[in-house]
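Single-structure report; data block below.
The values are calculated or read from the model by the stated rules, or taken from the named source; none is laboratory data. Because the structure is a prediction, the values reported are computed rather than measured. Backbone-built Cβ (ideal geometry, glycine too); neighbour counts: all protein chains shown. Accessible surface is based on the protein model in full, side chains and every heavy atom, while ligands, DNA and RNA are left aside. Shrake-Rupley method; radii C 1.70, N 1.55, O 1.52, S 1.80 Å.
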Amino acid sequence: MTVEKEKQVVIKFNKEFFESGNTEITKELLADNFVNHTAPPNAPKDASVMIQFITGFHKGFSDVSVQIHEVLGEGDKVSLRKTITATHTGEFMGKMPTGKKVAMNVIEIDILKDGKITDHWSRNDLMQVVQSL
């Protein structure tokens, strides 16, 4: 698979999973041996933590949008910088709805093999967003 096609897989995953909340896309775009290197300590390293997070995020926020600012690819790695914006309209992490619009900045690195994401790392400012609610 070319780097350009790998970039498209990562972009599709971000739009379908993070923006639309489509957890079924994990079956299509994540490898069976997928490892979430960003999972909290003692949590499963498969996609389950990501699915749990995005399900809760979409219950707590509406108008979710993913703006991808940069996509870089080399070899089997794709990295992107994105901003996820949303409106806090439901309970999230113990915070009752505020109606506030939020923006979460994220940098992620994914490894792909045979058109599927096998490994994922990310850093974000979610905790600052939650504290601002």
Give me the percent of accessible area attributable to carbon and sulfur for the chain, probe 1.4 angstrom. 53 percent
Looking at the square roots a ≥ b ≥ c of the eigenvalues of the Cα gyration tensor of the chain, which shape do they give, rounded for a/c under 1.5, prolate if a/b is larger than b/c, or oblate? prolate
Given axes a ≥ b ≥ c from the Cα gyration tensor, I'd like to know whether region 23-87 is rounded (a/c under 1.5), prolate (a/b larger than b/c) or oblate. oblate
Of the GluC sites (Glu not before Pro) in region 1-103, which ones lie in a loop per DSSP and count no more than 11 other C-beta atoms within 10 Å? 24
Taking trypsin sites (Lys or Arg not before Pro) in a DSSP loop with at most 16 other Cβ atoms within 10 angstrom as exposed, one finds the longest site-free stretch of the chain at 46-99
Proximal lysine pairs, the chain, alpha carbons under 16 Å, eight or more residues apart or interchain: 25
Hey, can you find the accessible area per residue of the chain for me, probe 1.4 Å, expressed in square angstrom? 55 Å²
Run the dipole for region 32-84 about the Cα centre, Lys and Arg Cβ at +1, Asp and Glu Cβ at -1, nothing else charged, and hand back the magnitude in debye, nearest 20. 180 debye
